[in-house]
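Novice: Below: one structure in C-alpha cells.
The values are calculated or read from the model by the stated rules, or taken from the named source; none is laboratory data. Predicted model only: the values in this text are computed from it and were never measured. FYI the Cβ positions are ideal-geometry reconstructions off the backbone, even for glycines, and counts take in every protein chain you see.
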Amino acid sequence: MKRRFSIILYLILLLALSVCGLTTAGLAFPPSVYASIQTPTVPGCSSGEVPAPEVGAPYSPPLEAASITPFSCDEIGGEFAYDPQSPLDIQEVGSRREEGMTIIDLSYASPMGGIVPSTLVVPDGAGPFAGMLYMHGMPDTRQTWILAAVTYARMGAVVLLIDSPFARRADDPESTIIFGEQDRRDQIQLIVDLRRGIDLLLSRPDVDPKRLTYIGYSYGGLMGGLLAGVEHGLKAYVLQVAIGGLVTHLTGSMDRGRFQSMSEDLRRKWVAWMWPIEPIHYVGCASPAAILFQNGMLDVYSLPADALRYQEAASEPKTIRWYQVGHKLVYDAAAFRDQAEWLAQEIGISVGQLSVPVDPQIMAAYVGQYQFNVPETDGMR
C-alpha cells in the first residue's frame with residue numbers, strides 16, 4: 001500500500017530550505033507568485049552534516065556467496081553491453097508548460113525489450129545545460145521525483161527520470177523483488193536502460209556532454225553505484241541513503257528473516273544470480289567520476305553499518321555526508337542544500353536566491369496539479 005502525499009510536503013521542504021538559509025535558482029513555481037525569505041540563522045534548523053556513526057559488528061556476506069568471484073572493473077561492462085547505434089525510438093506521450101520549462105512525458109526503446117516510460121524536464125533556452133538522470137526508490141515510480149527534477153531544471157539542468165523495470169509491470173507494479181532470476185534480469189535491464197537514457201540526453205543539442213550527473217535515492221542509490229562502475233561518461237553521482245545492493249539488504253539484519261524463510265536451494269540460486277552484479281563490487285570502479293554519499297544516522301532501512309561499507313568501497317574522489325535523520329533524507333533541508341551546492345561545483349548548475357510561494361490560493365492550485373506517492377514503509381520493502 002502507498003499513501004498519497006500532496007505537494008504541501010514539498011512546500012514544507014522549500015520553506016525549510018529558505019528559512020534555513022539555502023539559496024538556489026528559482027524553484028518549481030512562477031516568479032510572479034514568489035516572495036523572498038532571507039533568514040540566515042533560524043533556531044531549530046538542521047545543523048547539517050554530523051560525524052559518521054560508530055557501528056558494531058561488520059556485515060558478513062551470506063555463506064552462499066563464498067565461492068562466487070565478482071567481475072573485475074574491466075569485465076563488468078560486458079554484462080550490460082548494448083548496441084548504442086540502435087534507434088532510441090523516442091515517442092512523446094504528452095507535454096505541459098511550466099514557467100520557464102517544459103515537462104515532457106515520453107518513452108524510448110529498451111535494448112532488452114519493451115519501452116522505458118520516462119519524463120524529461122527541459123528548461124527554456126538554447127543551453128547548453130547540464131544533463132541529469134534521476135532514479136527513484138523501491139517500491140516507487142518516477143512520478144515521486146518530478147518536482148525535484150523541476151527544481152533542478154530551474155537551476156539549469158535537463159533532467160530525465162525513468163521508471164524501473166519492476167515499476168513497469170502492469171499486473172503488479174509493487175512486486176519488486178520476487179527471489180527469482182527475474183531479479184537479475186530487472187537489475188541488468190535497469191542499468192542498460194539508464195545507459196540508454198544517457199544516450200537520449202546526449203542526443204540533445206541543449207545538453208553539455210561534459211556536465212552529466214546521476215541522482216539516485218535508496219534503491220536508485222544502490223543502482224547508481226553499479227551504473228558508476230559501468231558507465232564512465234558521467235562527471236558526478238549522488239547516492240542518497242544507499243547501501244551495497246539487494247543481497248546486502250536482504251541478508252543483513254534488516255530483512256534476514258525473509259531471506260532465511262526461502263528454501264536452501266532457492267537461497268543458493270538467488271545469491272548466485274545477484275551477488276556477481278551487487279553494486280558494492282563496482283562502486284570502486286567509478287573513478288574519475290566524483291561521488292556524493294548522503295546518509296542518515298537514524299536510518300533503519302539503509303542501515304548505517306551497511307552504508308559505511310558502501311562508502312568505503314567507493315573510488316575517489318568522493319564526498320561523504322551524514323545527517324541526524326532517518327531514511328527520508330529527501331525532506332531534510334540541509335541535505336538538499338549540500339546536494340545542490342555540491343552539484344553546482346561539479347556540473348555548473350546555478351545556485352542563487354531561493355524564493356517560496358506564499359499565496360495560499362497558488363499553493364492550493366499546485367496541490368491539485370501535483371500529487372505523488374511515497375511508500376507506506378520506507379526503503380526496499
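Novice: What residue, among those in segment 250-271 that are closer than 21 Å to R309 by Cα and either part of a helix (DSSP H, G or I) or over 28 Å from the mean Cα position of the chain (by Cα) (or both), is modelled with the highest pLDDT? Step through it out loud before you land on a result.
Specialist: Initially, segment 250-271 is screened for residues closer than 21 Å to R309 by Cα, giving 250-256, 259, 271.
Then drop every residue that is not either part of a helix (DSSP H, G or I) or over 28 Å from the mean Cα position of the chain (by Cα) (or both), which leaves 250-251, 256, 259, 271.
Numbers: L250: 91, T251: 89, R256: 76, F259: 85, V271: 97.
Per the criteria, the residue is V271.
Novice: Select from segment 238-249 the residues that are touching a Lys or Arg at 6+ places or on another chain (Cβ under 9 Å) and outside any helix (DSSP H, G or I) and list them in ascending order. Lay out the reasoning, then the answer.
Specialist: If we filter segment 238-249 for residues that are touching a Lys or Arg at 6+ places or on another chain (Cβ under 9 Å), which is where we start, we get 241, 243-244, 248.
Result: V241, I243, G244.
Novice: Right, another one. Being modelled with pLDDT of 95 or more and touching a Lys or Arg at 6+ places or on another chain (Cβ under 9 Å) is the requirement here; does D124 meet it? Walk me through it before giving the result.
Specialist: Working: modelled with pLDDT of 95 or more: yes; touching a Lys or Arg at 6+ places or on another chain (Cβ under 9 Å): no.
Answer is no for this residue.
Novice: Kindly indicate which of S86, S118 is within 22 Å of K235 (Cβ to Cβ) and of a type in the set (S, T, N, Q).
Specialist: None of the others qualify; the one that does is S118.
Novice: Something else: Could you tell me whether S315 is buried (at least 17 other Cβ atoms within 10 Å of the Cβ), at pLDDT 90 or above and hydroxyl-bearing (S, T, Y)? Give the steps one after another, and end with the answer.
Specialist: On the way: buried (at least 17 other Cβ atoms within 10 Å of the Cβ): yes; at pLDDT 90 or above: yes; hydroxyl-bearing (S, T, Y): yes.
So S315 fits the description; yes.
Novice: Right, another one. If F336 passes every condition in (1) without any contact (Cβ under 8 Å) to a residue 60 or more places away in the chain; (2) within 15 Å of Y217 (Cα to Cα) but one, which one does it miss?
Specialist: (1)
Novice: Looking at segment 272-292 only, could you name the residues that are within 18 Å of the chain's Cα centre (by Cα) and farther than 15 Å from G229 by Cβ? Give the steps one after another, and end with the answer.
Specialist: Looking only at segment 272-292, we keep the residues that are within 18 Å of the chain's Cα centre (by Cα), and these are 278-280, 282-283, 286, 289-292.
Listed by number, the list holds a single entry, L292.
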